[in-house]
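Reviewing the structure listed below.
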Amino acid sequence: MSLFNTGDKAYVMLENGRIFEGYSFGEKGTAVGEAVFTTSMTAYQENLTDPAYYGQIITQTFPLIGNYGVNSEDYQSDKVYAKGYIVREWCNAPSNFRCEGNIDDFLKKHGVIGIHSIDTRALTKIIRENGVMNAVITTENVYDKKDELMELIRSYKIENAVKTVSSSETKRYEAENAEYEAAVLDFGCKNSLIKSLNSIGCNVTVVPADTNAEKIKELSPDGIVLSQGPGDPSENKDIINNISEISKLNIPMLGISLGHQLTALANGGKTEKLRYGHRGASQPVKDIRRNKTFVTSKNNGYTVVSGSVQNADEVFVNANDSSCEGLVYNNIPCITIQFEPDKYILGLFADMMDKKKEDK
């Protein structure tokens, strides 16, 4: 285990000046990003390859990471988008029938700087109390370059996130026994979303984030999905305007995470940055219509301001902080959610597509 296999020194310095000393794993060098934390106990490979983590340094709150290794099947995209990786302990002897390597070699392969053997509980507490903040991970002596690194930290900003992670070409994923055609706008689409849509009988056509309404119409989809993705939703002015035009096609729509936020903005709503975000696999969400609370998987740093979308009903709320988790629109056939879609949500989307077919 890493606590007994320390290696070279490494450091984390936060925007508030707090320094954590640990040891290096993964790539060596210096990386700056927005420090966030996730409470996931597993899915570390999925986290690292999730485009929604673009520009961020991930802190894992679970103390042991890497015990089942990495493999070629659990990628959410074709690369790592996180800027850095912070863990308490990494396992250098993983064991699992699908294991193809360890987390250390995985980080090196993708050029990601990691640090282990620091107090991740203390770091997480700082983020919870002060909010997400910029930070730097470095294998250089932080005390020798403290002023230089602090300037780097304070000037850092996540920009052009969707443009950076979105595919520039159209891709096709066919389902067995397909019943529907779904067009997915790629704002940072994860492989798990494509698999979920395939599982309900959707042939999936993933299109670039800036694909306009005319091109969407040419695909003749039964449904349109606005995918997950990174960054501040409000910076995507052209995409927001484009969603307004796509909505006029009157084709059933499902918005997820960033897609949820962008749809709200396209309908006159507002978004705001959460203090420390919702990232993890055990996030409670209340379904107001069914009066049930269920556990969701989430990764978002922004939220739709409750009550800001006048032509939609807020049907899901976060059980911890009452933030908006989902909307059903009254003027267009559209449902949007702030969490990963489960069978129930996918079923609602399928019902919308069935109704549209019947109306034809």
Count of the range 243-279 residues which are surrounded by fewer than 22 Cβ atoms within 10 Å (Cβ to Cβ), more than 22 Å from the chain's Cα centre (by Cα) and touching a residue at least 24 places away in the same chain (Cβ under 8 Å): 6
Condition check for Ser282: surrounded by fewer than 23 Cβ atoms within 10 Å (Cβ to Cβ), of a type in the set (S, T, N, Q), touching a residue at least 60 places away in the same chain (Cβ under 8 Å) and in the same structural domain as Val206 (by TED's automatic domain parsing): yes
Given (1) surrounded by 18 or more Cβ atoms within 10 Å (Cβ to Cβ); (2) free of Cβ contacts under 8 Å to residues at least 24 places away in the same chain; (3) not hydroxyl-bearing (Ser, Thr, Tyr), number of the condition Lys195 does not satisfy: (1)
Unique match (being over 17 Å from the mean Cα position of the chain (by Cα) and either free of Cβ contacts under 8 Å to residues at least 24 places away in the same chain or surrounded by 23 or more Cβ atoms within 10 Å (Cβ to Cβ) (or both)) among Asn291, Asn320, Asn311: Asn291
One residue from Glu140, Glu179, Glu148 being more than 18 Å from Ile240 (Cα to Cα), surrounded by 15 or more Cβ atoms within 10 Å (Cβ to Cβ), modelled with pLDDT of 95 or more and of a type in the set (D, E, K, R): Glu140
Complete set of residues in the range 70-92 that are in a loop (DSSP other than H, G, I, E, B) and closer than 16 Å to Gly7 by Cα: Val87, Arg88, Cys91, Asn92
Strands (runs of 3 or more DSSP E) (entirely within the range 265-360) containing at least 2 residues that are small (Gly, Ala, Ser): 271-287, 292-304
Any hit, the range 285-295, residues being basic (Lys, Arg) and within 30 Å of Met133 (Cβ to Cβ): yes
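The values are calculated or read from the model by the stated rules, or taken from the named source; none is laboratory data. The structure displayed is predicted, hence computed values, not measured ones. Note that each Cβ is placed from the backbone with ideal geometry, even for glycine, and that neighbours are counted across all protein chains shown.
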